[in-house]
Amino acid sequence: MTTVTAQIPADWPATEERARAVQDGLRARVVLDEPGPPPGTGTVTGVDVAYDDARDVVAAAAVMLDAATLAVVAEATAVGRISFPYVPGLLAFREIPTVLAALDALPCLPGLVVCDGYGRAHPRRFGLASHLGVLTGLPTIGVAKNPFTFAYEDPDAPRGSTSPLLDGAEEVGRALRTRAAVKPVFVSVGHRVSLDNACAHTLALAPAFRLPETTRRADALCRAALRAAAYPA
């Protein structure tokens, strides 16, 4: 496995005002009219991030799986300094530089990227999955553990049941039951994938657990990388 050091770009936003301006500019480039790769084909890569705010350290992991078998194809981690303060709605600015470094360290293109977070299901319609997709050009989806601030009705109990995740009358994602009678996950489009396909990918990636294998593996790997990080306290 490859581990690299992430660098914060020289022009990275340093203020909330600048970060929101960047979001506004990039949001117009999100592609919503492509279906994305068929579930169960090619490769799919999960990304996740862990922080140690006391040490000003962030670690990201990228875990590439064979989409048909869910076997691990490649793994990479990156460690760096936290690139932005904690501001709800702007979390991508804390994560993107390190996530990009981990993705760049993979030996081949990652295919579909699954983020532990949000895409369109974001107050400004531009969560981590959308931000990452626009910057890389890759198809991306967000699979979150909670609905953020959005409303939904509980899906029916069987696996595969869904219900709209709503901001008023707008569907920004879906609550998806990946295990029968277990709390749903919350799926949203990032970039270059339809919502139907995003849900189908999530189901294919979660044959036994609530969370997709991409998220489970990336979460464990980035936490291990954070514990091993050699930055001083």
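The values are calculated or read from the model by the stated rules, or taken from the named source; none is laboratory data. Bear in mind the structure is a predicted one, so any value in this text is a computation, not a measurement. Neighbour counts run over all protein chains shown; Cβ positions are idealised from the backbone, glycine included. The area values use the complete protein model at the heavy-atom level, side chains included, leaving out ligands, DNA and RNA. Shrake-Rupley method; radii C 1.70, N 1.55, O 1.52, S 1.80 Å.
Details
- Consider segment 58-73 and keep the residues that are touching a residue at least 40 places away in the same chain (Cβ under 8 Å) and more than 17 Å from residue 136 (Cα to Cα). The one that is most open to solvent (accessible area, probe 1.4 Å) is 72.
- Search result, residues across segment 200-223 that are open to solvent by less than 10 Å² (accessible area, probe 1.4 Å) and either among the hydrophobic types (A, V, I, L, M, F, W, C) or over 15 Å from the mean Cα position of the chain (by Cα) (or both): 205, 206, 218, 222
- Among the numbered conditions (1) in a loop (DSSP other than H, G, I, E, B); (2) open to solvent by 30 Å² or more (accessible area, probe 1.4 Å); (3) touching a residue at least 12 places away in the same chain (Cβ under 8 Å), the only one that residue 10 does not meet is (3).
- Condition check for residue 52: open to solvent by less than 60 Å² (accessible area, probe 1.4 Å) and either in contact with a Ser or Thr (Cβ under 8 Å, 6 or more places away or on another chain) or under 22 Å from residue 107 (Cβ atoms) (or both): no
Yes/no per residue for (1) under 15 Å from residue 115 (Cα atoms); (2) basic (Lys, Arg); (3) open to solvent by less than 20 Å² (accessible area, probe 1.4 Å); (4) out of contact with any helix residue (DSSP H, G or I) (no Cβ under 8 Å at 6 or more places or on another chain):
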{"residue": "159", "(1), (2), (3), (4)": "no, yes, no, no"}
{"residue": "165", "(1), (2), (3), (4)": "no, no, yes, yes"}
{"residue": "172", "(1), (2), (3), (4)": "no, no, yes, yes"}
{"residue": "177", "(1), (2), (3), (4)": "no, yes, yes, yes"}
{"residue": "186", "(1), (2), (3), (4)": "yes, no, yes, yes"}
{"residue": "191", "(1), (2), (3), (4)": "yes, no, yes, no"}
{"residue": "225", "(1), (2), (3), (4)": "no, no, yes, yes"}
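- Qualifying positions in segment 37-80 - charged (D, E, K, R) and at pLDDT 95 or above: 48, 66, 75
- Of the residues 34, 17, the single one that is open to solvent by 50 Å² or more (accessible area, probe 1.4 Å), more than 19 Å from the chain's Cα centre (by Cα) and modelled with pLDDT of 95 or more is 17.
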